[in-house]
Amino acid sequence: MASIYNRTDIYDLFDNEEKYQAIKKHWEAVLEGTDVKTLLDVSIGTGSLTLSAAESGISLYGSDLSVDMLKKCKENASKRGLPIDLRPCDFRELTKQFKETFDCVASTGNSLPHVTNEELDGVLEQMDLLVKHGGYLYYDMRNWDKILEQQNRFYLYDPMFVEDTRVNLVQVWDYLEDGSMTFHLLYTFERNNKIVQKERFEETYYPVSRERLIQKLESLGYQNIRLMCHPAYFEHVDPRDVDWYCVIAKKA
């Protein structure tokens, strides 16, 4: 089954200016009180969750396993006049591509659970090697603790309109015996109350608990570990209860 990461034309359909500004506000909340001048996103994709951070003067770097995603990211950055350094790279082997260190090394878009929990330890170690002393490690992802507790099978998105076409997205989640999950992404495209196009994709994830990740950060020597909602500017909301959360931690 095809992967959504090979179809950048569809992957970006739910992005718009309102979302871009919301993500910009999110980064302002995340990085408040820090002195981050350089930021590397090791799973940048098309840049939808990171590009707006560059508008505050941050020098932005990005890597991704998909060359197609990086090409689209470059296009999206160019449209906004944002400079960016992009390199194809598997985040399990970051130090093969990057020799410099950064004020913040991030993984966005629920990308970390694409690998097993055991491999994920190595990813965090690779990210850590690229974080300057006194710098930050950041990630955002789905609330896997909540997903596994509730065992829901369907996740519905609000429809998006692209000119005269209504785009609907439904995710169907399969819980597998080995502890992994398959996400079925079902897109339908409607015009004049008729479905004119259907697209289906599958992605495999390996759920990981908040506690395991935080314990790994602590073992790497990170302090001031902050758990926040995503977007981070939500107030009076427990990040343990939301669908998506983020963590930023400072390297001692």
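Among the residues of the stretch 156-183, count how many are without any contact (Cβ under 8 Å) to a residue 24 or more places away in the chain and in contact with a strand residue (DSSP E or B) (Cβ under 6 Å, 6 or more places away or on another chain).
Adding up the residues that qualify gives 9.
Could you list, in sequence order, all residues of the stretch 48-60 that are farther than 18 Å from Leu112 by Cβ and not acidic (Asp, Glu)?
The answer is Leu51, Ser52, Ala53, Ala54, Ser56, Gly57, Ile58, Ser59, Leu60.
Considering each of Tyr222, Tyr245 in turn, give the residue that is under 21 Å from Gln171 (Cα atoms) and modelled with pLDDT of 95 or more.
After ruling out the rest, the residue left standing is Tyr245.
Among the candidates Arg210, Arg200, Arg191, single out the residue that is more than 23 Å from Tyr157 (Cβ to Cβ) and touching a strand residue (DSSP E or B) at 6+ places or on another chain (Cβ under 8 Å).
Arg210
To keep it simple, each residue is scored yes or no on (1) of a type in the set (Val, Ile, Thr); (2) touching a helix residue (DSSP H, G or I) at 6+ places or on another chain (Cβ under 9 Å).
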| site | (1), (2) |
| --- | --- |
| Glu17 | no, no |
| Ile44 | yes, yes |
| Pro88 | no, yes |
| Arg92 | no, yes |
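Among the residues of the stretch 1-44 satisfying the criterion of being part of a helix (DSSP H, G or I) and of a type in the set (Phe, Trp, Tyr), which is surrounded by the most Cβ atoms within 10 Å (Cβ to Cβ)?
Trp27
I'm told Ser111 meets every condition in (1) outside the structural domain of Ile214 (by TED's automatic domain parsing); (2) touching a residue at least 40 places away in the same chain (Cβ under 8 Å); (3) not basic (Lys, Arg) except one. Can you identify the failing condition by its number?
Failing condition for Ser111: (1).
In the stretch 45-69, what residues are among the aliphatic types (A, V, I, L, M) and touching a Gly at 6+ places or on another chain (Cβ under 7 Å)?
Within the stretch 45-69, Leu49, Met69 meet the criteria.
Does any residue of the stretch 177-192 turn out to be basic (Lys, Arg) and over 30 Å from Leu220 (Cα atoms)?
Among the residues of the stretch 177-192, at least one is basic (Lys, Arg) and over 30 Å from Leu220 (Cα atoms), which makes the answer yes.
Would you check if Asp174 is at pLDDT 95 or above and in contact with a Cys (Cβ under 8 Å, 6 or more places away or on another chain)?
Taking the combined requirement at face value, the residue does not satisfy it.
The values are calculated or read from the model by the stated rules, or taken from the named source; none is laboratory data. Note that the structure is a prediction, hence the values are computed from the model and not measured. Using ideal geometry, Cβ is built from the backbone for each residue, glycine included, and neighbour counts are taken over all protein chains shown.
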